[in-house]
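I have placed the structure first, in the form of structure tokens, so that the comments after it can refer back to it.
What follows is calculated from the coordinates using simple rules that are stated; it is not laboratory data. Values in this document were obtained by computation on a predicted structure and should not be read as measured data. When we count neighbours, we look across all protein chains shown, and the Cβ atoms used for this are built from the backbone with ideal geometry, even at glycine.
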């Protein structure tokens with residue numbers, strides 16, 4: 001007896017189920033690919049990080065090189081050398097103006113670290129011993145976790161020792177990373193010098209003669225390149241703005257080491273939120289020690305909230321979100337998913353450009369009747 005053909009309603013249900021299953025399979029495969037890519041990238045970090053940094057710096061310097069080459073008619077080699085000279089002079093000016101203050105604040109912070117740590121410990125201890133809220137927290141901690149902490153310390157010491165030994169063994173890989181950093185200027189020079197040849201000749205190495213497939217590969221590569229360039233150029237500018245806002249805010253409230261904290265936020269800020277959070281933790285500790293009250297730590301938190309609000313609602317959406325076509329909420333979700341799948345640092349750096357690339361591919365192959373709201 002033959003099977004009856006499904007009616008229209010049953011056909012829609014079957015089609016919806018198959019589509020949902022196919023979408024779930026694609027999502028799982030993409031997750032596995034990102035997870036595997038994260039493992040590979042982490043294992044090859046000593047090689048890939050210097051090359052990636054050189055590529056990012058080359059993308060930043062390339063518009064200046066193009067300006068000298070095409071607008072001022074300077075040969076590209078001389079334009080690159082001129083840009084190197086300008087960049088070196090800019091760094092030297094920064095070192096002459098900001099670096100002394102950073103070195104002074106760093107030395108002060110290192111020298112006062114033992115006494116500051118003791119002051120902070122005494123401050124917290126006094127609060128736990130005399131404040132009604134502190135007494136309740138201390139009693140609750142001792143009752144609930146005191147015995148557990150002692151048991152953990154007893155059993156965890158061997159594990160801590162083995163972990164420290166493994167970290168010492170991993171430190172050997174830093175030698176290769178440092179050697180790679182020494183090669184960054186050479187990488188930058190050749191990236192800038194060979195830009196024209198790479199742009200004109202890379203399509204010759206596509207392993208297919210089918211024009212349709214070649215065009216699709218060219219589109220994908222261009223999408224990846226545009227998203228990466230837009231993101232990293234924008235994120236460096238964002239981290240600089242955030243570090244500057246935090247430094248100014250800390251200076252206004254009279255916090256010590258304000259410039260150093262702003263520089264830390266700017267350097268680590270290539271990963272969204274990480275630099276600002278690190279600076280916040282250090283600033284709160286310094287405020288507690290310096291002012292011996294609870295008002296200035298609240299001022300520090302207020303400065304942090306204002307800086308993050310300005311970045312999240314004004315700077316970041318305009319510099320990155322609009323350029324790569326991502327909504328701010330999509331950006332936050334992408335960061336969370338990226339850090340979960342590919343590891344903290346690498347995932348945080350690559351999450352947004354990868355999401356933008358997937359968006360471009362979806363508009364290309366899935367939502368064919370739609371056009372992106374903003375181009376890359």
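Summary of computed values
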item	result
Gain upon complete extension [residue 94, residue 13; 0.36 nm per residue less C-alpha separation]	22.7 nm
Order of 205, 257, 190, 365 - criterion: other Cβ atoms within 10 Å of each residue's Cβ, fewest first	205, 365, 190, 257
Cβ-based exposure ranking for 73, 196, 256, in which fewest neighbours within 10 Å come first	73, 196, 256
Potential lengthening between residue 111 and residue 46 on full extension [0.36 nm per residue; Cα-Cα distance subtracted]	20.2 nm
Taking 94, 246, 61 and counting other C-beta atoms within 10 Å, the order from fewest to most	94, 61, 246
